[in-house]
Structure formats: C-alpha cells, structure tokens
Amino acid sequence: MLFRSVLAIGIWFLLTTPQGQKHHRPIAISIALLPAFFICVMIYMTNKGPGSSYYAGLNLIVLAISVVVRWTVTETIIAVSGVLLMYLVACLLTGTREDFSIIFNNYYFLILTGIIVVVGNHFFTQLRLREFAASYELDKSRKQVEATNQNLAISNTRLAEQNTALEKANREIMETEMQLVQ
C-alpha cells in the first residue's frame, strides 16, 4: 500500500515539473494504468486468478478512463488496451485450462466496456468540438452586432447633429423670410 502511494506521489510530482508539464499526456496515462496494475497484482496474488472478485475494479477503472479523465480517443484506446493486457497476463499466470471460460467471459466484458468507453469518448470529444465551434461563432456574431450597434450609434449621433443644423438653418430661413416680408 505504501509503495502504491509513493508511486502515485511520484507521478504527481513528475507532473509538476517543467518536463512533466511538457509531456503530461503520456504521463497521465500512467495515472489510470497504475491502479489497474496493482489490481492485476492482487488478482495474481489471490491465486483465484480469473475468479477473483478484484476483476470488478478493472471495469471501474475502464469506466473512470472515460468519465473522470477526458482524453483523446487514441489515449483512451491506449489506456483500455493497457488494462486489458495486464488483466490477460495476470489471468494467464494464475489460471488453468478450466478457468478459460471465466477468462473469456471477463475479458469479453472488459472489451465491451472498453468499446463503450472509446465510442463514448469519441462522441463526447465531437460534442465538445461542436460546442467550441458554436461558442466561437456566437462570440464572433456578438462582436459583429456590437460593432454594428456602435456604428449605428455614431450614425444616430451624426444624424442628430445634422437635424439640429437643419432646424437651425430652417429657423434662419424663416427669420430671413420674415425680414423680407417686413
């Protein structure tokens, strides 16, 4: 348990360094693979192999890859593949030929969960891109409306000035006419 905590703190510390921030994507994948690795170690150490109840933890990790951490589709595929590979190795190291059906069923379920996660992540990424594009277009339209409103305000000010000048000119013409009549 202490070893796992030290590794997690080491990964966190690595992410705070300039080099870690530069390569945060590959390092972040280890965040998902670290608990999966230790669950696979527990599956191996229980000597129950594929029949171990720790298998459910791997499904939770695969789901967390999509729900908690927002990665690209490629990163999600890498993380899910890593979990699948570690589980297969843990089962093959402890399993017997009689356990093959359990391995197959568990692996099948993990693959289906992985497919759901990857496809869901793909659609979520597309949704985020569309939302970003819509937000960008909305902001662009808002700026155009503000510019148009500002131009209209300037035009209205000029029009008011011209109206004032015309009214003054009309008064002067009327005064001149009155003087001519007198």
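The values are calculated or read from the model by the stated rules, or taken from the named source; none is laboratory data. Computed from a predicted structure; not experimentally measured. Cβ coordinates were reconstructed from backbone atoms using ideal geometry, including for glycine residues, and neighbour counts include every protein chain displayed. Surface areas here come from the heavy atoms of the whole protein model, side chains and all, with no ligands, DNA or RNA. Shrake-Rupley method; radii C 1.70, N 1.55, O 1.52, S 1.80 Å.
Structure summary
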| item | result |
| --- | --- |
| Residue match in segment 31-38 (condition: open to solvent by less than 30 Å² (accessible area, probe 1.4 Å), touching a Pro at 6+ places or on another chain (Cβ under 8 Å) and among the aliphatic types (A, V, I, L, M)) | no |
| Flag if VAL119 is under 30 Å from LEU84 (Cβ atoms), free of Cβ contacts under 8 Å to residues at least 24 places away in the same chain and either open to solvent by less than 100 Å² (accessible area, probe 1.4 Å) or not hydroxyl-bearing (Ser, Thr, Tyr) (or both) | yes |
